[in-house]
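Presented below is the structure to which this report refers.
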Amino acid sequence: MYEIAVVSFQDSNGDGQGDLVGLLQRIDYLTWLGVGAVWLTPIYKSPNHDFGYDIADFCSVDPRFGNLEDFDKLLRALHDSGIRIILDLVPNHSSDQHAWFDESRGSRNNPKSDWYLWAEAGANGGPPNNWLSRFGGSAWEWCEERRQFYYHSFLPSQPDLNWRNPEVREAIASVMRFWLERGVDGFRVDASAVLIKDDLLRDNPPDPEADDKTPPPQACTPVFTDDRPEAMRCIEYIREVLDQYDGKLLCGEVQGKTDRIGHFYGNSRPRLHLPLNFALLDTEWNAIALQAAIDAYFNALPQEAWPDFVIGGHDKHRVASKVGQAQARVLAMLLMTIRGTPFLFAGDEIGSEQVPIPSDRVQDPFEKLLKGFDLGRDPERAPLRWDDTDGGGFTDGAPRLPLSRDRARNIKAQQGDGKSLLNLYRELIALRRLEPCLLQGEYLPRRAQNDVFSFGRRTNETEILVGLNMSGEPRLWEWEGCGVRLLSSGLDSGPEKVTGPTHLKPNEGVIVKVNR
């Protein structure tokens, strides 16, 4: 799965913003890489206060990206290339410029009066309770027209929909059907854990671990606003709508710790196919910590649940900036060999890093409203660099955000370098398709030792071992037996016979098919 922020992928008309026609022009690259599916960040009509997640019309394309005809052409071209497409579904809120909200705030007795979360002022005339917005300050905004407050989990211009109202649920179902009947292959559900809030409006308790380094929105523990039991019923409803169409996927952004992730798969009633798992991004990057994080994740999965691993996203710092370029190759080998669906964010395959953004170019409301907490997301949303020109092959105009200063780190250069990270990803994707064991085999944990993280994959017919040196020094990988080395992270030689133990070079990963 390859996430694309359309606005940062490819500009076709010189306005400095990526668009659908630009993406259409790059399908050959996706096919060359071996991408199986793309996930597009919101392309809907929006005032764009929050990267398009403030939606003014769920069933139209924003003019800056093109139109529905452009989308249909893109969808057909992707399908003709064997690539599936999923869209961001944003059921929690709309823009305050949506017609639904315009009607809802008009009066207390209109047909959509309770399509959003409205409440009377508190005893002191202020907000009804202490709930906080993700972007800072109270999550309640006063509306003079209704003489009431409305709730917004995010920006004041993103009012939360009332999922207790069956008309709202049906309206979102209609949105899903609109896109499913156009041919999309599923959705990634945004903010799926916050769809329902406490109907008693109880105050959230202070977080006892909060200190002066804690961002203000995290000063309270969101007991009554996040991951409420009723929210699971909402996800089940969304899944029921999706299941009316064959072969569709539902993945989603979830909240909380690893031990809660199994909750989002569902038991007697299915929920998400793939609750997104950020364990590889969130854990410390060393063999011992990784061993624990992956084990905890697999132990949290319900029986028969399918795992996934995400290494990047539009609101996650670039992983190459965290682990470094040498270990980015080790990470690629881990991501593409461990059991589960791998998720990349466009640019991860060339080791894109955080791009410094001058203060006068900042677009992200997180950075504007919560300065000093390293919450800004523009650095990972910078346009993709296709070549080493001023516009990076992204645009003929002025790019919406600065491009990477590392001009040499671009797709064209790495395509021409047989040992590049990009070609490593391509080889790993091809190997996954060649070796069914890497797709379907069970996961066999091994003990992490001497800075080497190791595991196995096994089917009835095949066993494959993976050894990853997570240090910058040579290490001995302890395993017994003999086999064929299928691939090394350095792409320095072809398949050859090997016996264990194996000496790993600094920052090297090796995949071995064991003789049985």
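Read-outs: derived from the displayed coordinates by stated rules, not from any lab. Source: prediction; values computed, not measured. Cβ placement follows ideal geometry from the backbone for every residue including glycine, while neighbour counts extend to all protein chains displayed.
For segment 94-162, relative contact order (Cα pairs under 8 Å, six or more residues apart, normalised by length) works out to 34 percent.
Summing Cβ point charges (Lys, Arg +1; Asp, Glu -1) relative to the Cα centre of the chain gives a dipole of roughly 1120 debye. The 3J(HN,Hα) values that the Karplus relation (6.51, -1.76, 1.60; θ = phi - 60°) gives for segment 439-451 are, in residue order, 8, 10, x, 5, 8, 10, x, 10, 6, 6, 9, 6, 6 Hz. Gly and Pro appear as x.
The protection proxy used here, the mean number of other Cβ atoms lying within 10 Å of each residue, ranks peptides 308-317, 370-379 as follows, highest first: 308-317, 370-379.
The H on the amide N of Y116, modeled in the peptide plane, is under 5 Å from the matching H of N162, each at least 5 residues off or on a different chain. For segment 114-238, the average shadow cast by the Cα convex hull is 9.4 nm², which is a quarter of the hull's surface.
Among the trypsin sites (Lys or Arg not before Pro) in segment 71-120, which ones are in a DSSP loop with at most 14 other Cβ atoms within 10 Å of the Cβ? Mind listing them?
R108
Loop-located trypsin sites (Lys or Arg not before Pro) in segment 209-245 (DSSP state not H, G, I, E or B) with no more than 14 neighbouring Cβ atoms inside 10 Å: K213. With viscosity set to 1.306 mPa s at 10 °C, what whole-number translational diffusion coefficient in µm²/s follows for segment 370-492 from Stokes-Einstein and a Kirkwood radius over Cα pairs? Stokes-Einstein gives a translational diffusion coefficient of 88 µm²/s. Within a straight-line Cα-Cα reach of under 13 Å, K197 can be paired with the following aspartates and glutamates, leaving aside sequence neighbours fewer than 8 residues apart in one chain: D160, D226, D227, E230.
Farthest towards the positive end of the charge dipole of segment 113-226, among the residues S113, F135, I172, is the Cα of I172, using unit charges on the Cβ of Lys, Arg, Asp and Glu.
Of all the Cα-Cα pairs you can form in the chain, what percent are over 33 Å apart? Cα-Cα pairs in the chain separated by more than 33 Å: 42 percent. Couplings 3J(HN,Hα) of segment 387-396, computed from phi: 8, 9, 6, 4, x, x, x, 7, 8, 8 Hz, in residue order, whole Hz [Karplus 6.51 cos²θ - 1.76 cosθ + 1.60, θ = phi - 60°; x for Gly and Pro]. Summarising the amide proton neighbourhood of Q148: residues at separation of 5 or more, or on other chains, whose placed amide H is nearer than 5 Å comprise C143.
Kirkwood-based Rg over Rh for segment 94-162 (C-alpha set), two decimals?
Over the Cα atoms of segment 94-162, Rg/Rh equals 0.94.
The GluC sites (Glu not before Pro) found in segment 193-284 that occupy coil by DSSP, while having at most 12 further C-beta atoms within 10 Å, are E209, E284. Amide H contacts of F455: V466, each under 5 Å away and 5 or more positions distant or on a separate chain (H built 1.01 Å from N in the peptide plane; Pro and chain starts excluded). Working value for segment 441-514: equivalent-ellipsoid semi-axes of 19, 15, 10 Å, each the square root of 5 times a Cα gyration tensor eigenvalue, largest first.
Rounded to whole numbers, the Karplus 3J(HN,Hα) couplings from phi for segment 149-156 are 9, 10, 9, 9, 5, 10, 6, x Hz, using 6.51 cos²θ - 1.76 cosθ + 1.60 with θ = phi - 60°, and x at Gly and Pro.
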